[in-house]
1. Within the stretch 114-150, track down each residue that is in a helix (DSSP H, G or I) and at pLDDT 90 or above.
2. Condition first: part of a helix (DSSP H, G or I) and either surrounded by 16 or more Cβ atoms within 10 Å (Cβ to Cβ) or under 43 Å from the mean Cα position of the chain (by Cα) (or both). Can you find one or more residues in the stretch 173-190 that meet it?
3. Within the stretch 161-172, count every residue that is exposed (fewer than 12 other Cβ atoms within 10 Å of the Cβ) and more than 17 Å from residue 147 (Cβ to Cβ).
């Protein structure tokens with residue numbers, strides 16, 4: 001049946017559109033909504049993946065720099081140790097060069113004071129501000145130890161030689177017998193003033 005509404009337009013009841021039409025509109029755009037949402041999620045995942053790749057590259061770069069610095073730090077530590085050792089040696093050399101005597105004169109005096117049967121194996125200075133004399137004595141009887149004692153007494157009694165030292169000490173003595181001869185190895189330390 002056909003209905004005709006003769007009322008003027010302002011007085012007519014308006015019909016609301018059924019909800020079915022709204023659902024049809026949603027169905028019409030459903031593909032675009034789902035596709036857009038999926039595209040947004042894929043875009044978001046790609047951004048996060050690229051961010052993690054960039055962060056991993058930065059971490060690898062910083063790790064490589066850290067290893068490089070560790071190697072350089074090790075080199076610097078070894079150089080600092082060498083510098084410390086060289087400074088200690090320079091300090092010893094400075095002390096030795098500040099002495100008011102000539103080494104040639106001191107060694108000449110030492111050779112004048114040596115007794116027969118005594119010979120030096122080493123004469124050197126150490127880092128403890130000492131002159132070290134190492135040597136040996138040969139004798140056929142028990143007088144080897146007495147020779148070492150007499151040599152030390154001669155060193156101490158010599159005013160010219162001993163004026164640059166404050167003390168003398170017998171560091172070590174080793175006795176050996178070889179072919180009926182008494183050999184004594186000794187080490188004497190003279191402490192600089």
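The values are calculated or read from the model by the stated rules, or taken from the named source; none is laboratory data. Treat the numbers as computed from the prediction; the structure is a model and nothing was measured. With ideal geometry, Cβ positions are generated from the backbone for all residues, glycine too; neighbour counts draw on all protein chains shown.
1. Residues of the stretch 114-150 that are in a helix (DSSP H, G or I), as a first pass: 143-150.
Passing the criteria: only 150.
2. Step one: list which residues in the stretch 173-190 are part of a helix (DSSP H, G or I), which gives none.
No, the stretch 173-190 contains no residue that is part of a helix (DSSP H, G or I) and either surrounded by 16 or more Cβ atoms within 10 Å (Cβ to Cβ) or under 43 Å from the mean Cα position of the chain (by Cα) (or both).
3. Within the stretch 161-172, the first condition is being exposed (fewer than 12 other Cβ atoms within 10 Å of the Cβ), and the residues that meet it are 163, 166, 169, 172.
With the extra rule that they be more than 17 Å from residue 147 (Cβ to Cβ), the set shrinks to 163, 166, 169.
The number of residues fulfilling the criteria is 3.
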